[in-house]
Structures are given as structure tokens and as C-alpha cells.
Amino acid sequence: NEHITRRDAMKTAAALGATALVAPAFGAMAARRADATLRVGVIGCGGRGTGATINTLEADSGTRIVALADLFPDRLNNSLGRIERKAEESGWAGRVAVAEEHRFTGFDAHEKLVALPDVDMVILATPPGFRPAHFQSATNAGKHVFMEKPVAADPAGVRTVLAAARVADEKGLSVVAGTQRRHQDNYLELMDRLQNGEIGDVISARCYWNQGGLWVKEQQPDQTDMEWQCRNWLYFCWLSGDHITEQHVHNLDVINWVKGGPPTKAVGMGGRQVRTEAKYGNIFDHFAIDYEYDDGTPLLSMCRQIDGCQGKVQEDIVGTKGTATARPGLSWIHGSDGNKWRTRGSENPYVTEHKTLINSI
């Protein structure tokens, strides 16, 4: 189409490259889309799962929430209450209808949800340690998928995800992962400019997610270790992968986007400086890593979750003709010739990523 702009093409390419697998809908799915209805089930009813559910309702008037699954009944009920209240406030009340028999809890809740024939798409938002098995179940059941990042917490999980992605490809399923910077307009425009050579060849990069501490759940007297760890999942490597994987992945993904692939070498350090109590599980509270790409380009990476320290969440790219910096909602370039460019993001990427998925389906 001669009217498609380079930015449109970049946005499409970014969506496909960062996420997945796009194909026409078939059979029953095509029939359902004829009435502009997409039936969604949610696996993982915590804060992010609730937020992603609201985002998919915002993204398209044809979405309907028809099933929920979570390990814990209280999490499921709290989430459903929040979603229903938001739907009522926003005029979406008719689009949230989760029957009692479509509310599943326990470790096998995801299997029951994906077995429902009326569910077209699932949102995967449990702690990351469970994501590979849930993605595998969803693709085997022929469901389209929005899955939060990270997609796995360890190498075995990554291999499961890659195998399930091949199944999704074979079945013509659409999949989007929650690296939302790939759908954020200020990042998309910056990448367009970098690929047009505005800062020349990339010779080094830095990225940061330095912030204060996060929530923690104390173990209650009536909780088993398993229940407590699942509720306090952020602090256990088997569930979160630690905070390079769980949080800093966003920044690393941006530099990989710039470089067209991941680094090939890394050396680093990390430790537990302030989060030393048992309630903080077995993750670190700070890291510093030197990565190297296959062409020799270095990347300095820092992430920290310690109160009372300077915060910084951004990516810096150094080129032969200038520098570029990106943050959520803001990007800029300083050229060595004195030219400057700056833009603010205007779209909500948490909604845009769901639009990308729904348009693909």
C-alpha cells in the first residue's frame, strides 16, 4: 500500500518481531469473529493479570471476559470484583460475564480453563515460573495468547516456551509477549531514526533499572512454605528468575532490539546488600553486568532494588554520530552535528499491545 508510512511498517515489524506469530483465523474462530466477539480467559489473577484484563477490554469493544483461573480463590475473587467495578464504571458491564463454573482454582486451574471450547484467547499472568507450562497448555489447546514477561524463569522453561511457540506457529495462533516498549510510540519512532542512521553505527550502550524496594509478603502461621512462596513469588528464583529476568528484561530487550539480537558474552556481579532477611527469599538486590555482542559492542547493565538510592530507568545508546536515550514515554537524540530530536509517547503501550494481538487474531 503506497500510503503505508515507514513508521507504520516499523510498528508492524516490531510487533511481529517482538511477539509472535500471525495467521488468519480458521473455522469456529472465524465464525466467532463474524460477530466481532473475542472470548477471553485469564490465568493469573494478581495485579498484572487484573490490569491486563482491563487493558484487553479497553483495546477492543469485541472482547468478552468469560473465564478466570488462579492458584488461590481469594485472588480470583478480588480480581473479578475489581474487573467488574471497572467495567461498570466504563460502560462495559455486559462484557464481563464469568459464570461460577468458569472460575477455576488450584495448580490445575489453567488446564480446566484452556479446555473450555468457548475461550478463544488466554491471558497468562501468573508468576513467571509457571508460564512455560501454561503457554504449552494454551497452544496445545489452540488458544491465542497474551503472556506477560518474562516468558520463563530458567533455561528449561525457555526451551518449553520455544517448543510451544513452534506449535503455535504450526496452528496459526497469534501470540504477544508483554515487553510493552515494543509497542510504545516514542520507542518505535526512536528505533526508526536509529535504523535510518541518525546516530551512525552503534558502538556501545548502557541500560538501567535502578529503583527502591518492592512489596514483600510475610509468611503467615497457617501458610505452608509452598503457599507462602507462591504469594511472595518475587523473591524466589524458581518463580521470578530474579530481577534481571523479571524486571530488567525490559531494558535489555531495548538494546537487543537496537542490535538485532542478544549478546553473546557476559561477566558481572551482584549480591544481597540490604535485603538479607529470610522473607526476601533467595534473590539479590543489586547487579552490574558487562555484556558483549557478537560484533564486539559492549553493553553496561545495572539494576537495583534498594531504598534511599538514586533511581534511573532508561536506555542509552552511543553511536559514531551522536547519542540516543529512551525512557517510558520519552525519547531523545543528540547528534554530534548539534541537531537534536525529542518526542513524548502519547499512547498507552499496555493497551496497544492488546490491540496488536487482537488485530492479528
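Here are the numbers for this structure:
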item: Selected residue (only one of Lys86, Lys112 is in contact with a Phe, Trp or Tyr (Cβ under 9 Å, 6 or more places away or on another chain) and farther than 28 Å from Asn359 by Cβ); result: Lys112
item: Qualifying position, being closer than 30 Å to Trp341 by Cα, touching a residue at least 40 places away in the same chain (Cβ under 8 Å) and β-branched (Val, Ile, Thr), among Ile306, Ile289; result: Ile289
item: Options Phe104, Phe146, Phe72: the member that is free of Cβ contacts under 8 Å to residues at least 60 places away in the same chain and of a type in the set (Phe, Trp, Tyr); result: Phe104
item: The lone exception for Trp257 - which of (1) of a type in the set (A, V, I, L, M, F, W, C); (2) out of contact with any strand residue (DSSP E or B) (no Cβ under 7 Å at 6 or more places or on another chain); (3) farther than 23 Å from Ile333 by Cα it fails; result: (3)
item: Flag if Ala152 is touching a Lys or Arg at 6+ places or on another chain (Cβ under 9 Å) and surrounded by 24 or more Cβ atoms within 10 Å (Cβ to Cβ); result: no
item: The range 298-320, residues that are surrounded by fewer than 19 Cβ atoms within 10 Å (Cβ to Cβ) and either more than 19 Å from Tyr187 (Cα to Cα) or at pLDDT below 95 (or both); result: Pro298, Leu300, Met302, Ile306, Asp307, Gly308, Cys309, Gln310, Gly311, Thr320
item: Single condition Gly178 does not satisfy, out of (1) without any contact (Cβ under 8 Å) to a residue 60 or more places away in the chain; (2) under 19 Å from Gln314 (Cα atoms); (3) not charged (D, E, K, R); result: (1)
item: Some residue of the range 218-235 being among the aromatic types (Phe, Trp, Tyr), open to solvent by 90 Å² or more (accessible area, probe 1.4 Å), under 19 Å from Val274 (Cα atoms) and free of Cβ contacts under 8 Å to residues at least 60 places away in the same chain; result: no
item: In the range 247-297, residue surrounded by the fewest Cβ atoms within 10 Å (Cβ to Cβ) [restricted to those that are out of contact with any Ser or Thr (no Cβ under 8 Å at 6 or more places or on another chain) and of a type in the set (Ser, Thr, Tyr)]; result: Thr276
item: Selected residue [open to solvent by less than 70 Å² (accessible area, probe 1.4 Å), under 19 Å from the mean Cα position of the chain (by Cα) and of a type in the set (A, V, I, L, M)] from Ile333, Ile244; result: Ile244
item: From Ala59, Ala52, residue being open to solvent by less than 10 Å² (accessible area, probe 1.4 Å) and not β-branched (Val, Ile, Thr); result: Ala52
item: Of all residues making up the range 130-145, the number that are aliphatic (A, V, I, L, M), part of a helix (DSSP H, G or I) and open to solvent by 10 Å² or more (accessible area, probe 1.4 Å); result: 1
item: Residue that is surrounded by the most Cβ atoms within 10 Å (Cβ to Cβ), among those in the range 105-127 that are out of contact with any Gly (no Cβ under 9 Å at 6 or more places or on another chain) and either hydrophobic (A, V, I, L, M, F, W, C) or not in a loop (DSSP other than H, G, I, E, B) (or both); result: Ala109
item: Residue list for the range 346-361, restricted to those being under 15 Å from Leu173 (Cα atoms), touching a helix residue (DSSP H, G or I) at 6+ places or on another chain (Cβ under 7 Å) and open to solvent by 20 Å² or more (accessible area, probe 1.4 Å); result: Thr356
item: Residue match in the range 299-308 (condition: more than 22 Å from Ala205 (Cα to Cα) and touching a Leu at 6+ places or on another chain (Cβ under 8 Å)); result: no
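The values are calculated or read from the model by the stated rules, or taken from the named source; none is laboratory data. Since we're looking at a predicted model, the values are computed, not measured. Glycine gets a Cβ as well: all are built from the backbone with ideal geometry, and neighbour counts include every protein chain shown. Quick note on the areas: whole protein, heavy atoms, side chains included, nothing else; ligands and nucleic acids left out. Shrake-Rupley method; radii C 1.70, N 1.55, O 1.52, S 1.80 Å.
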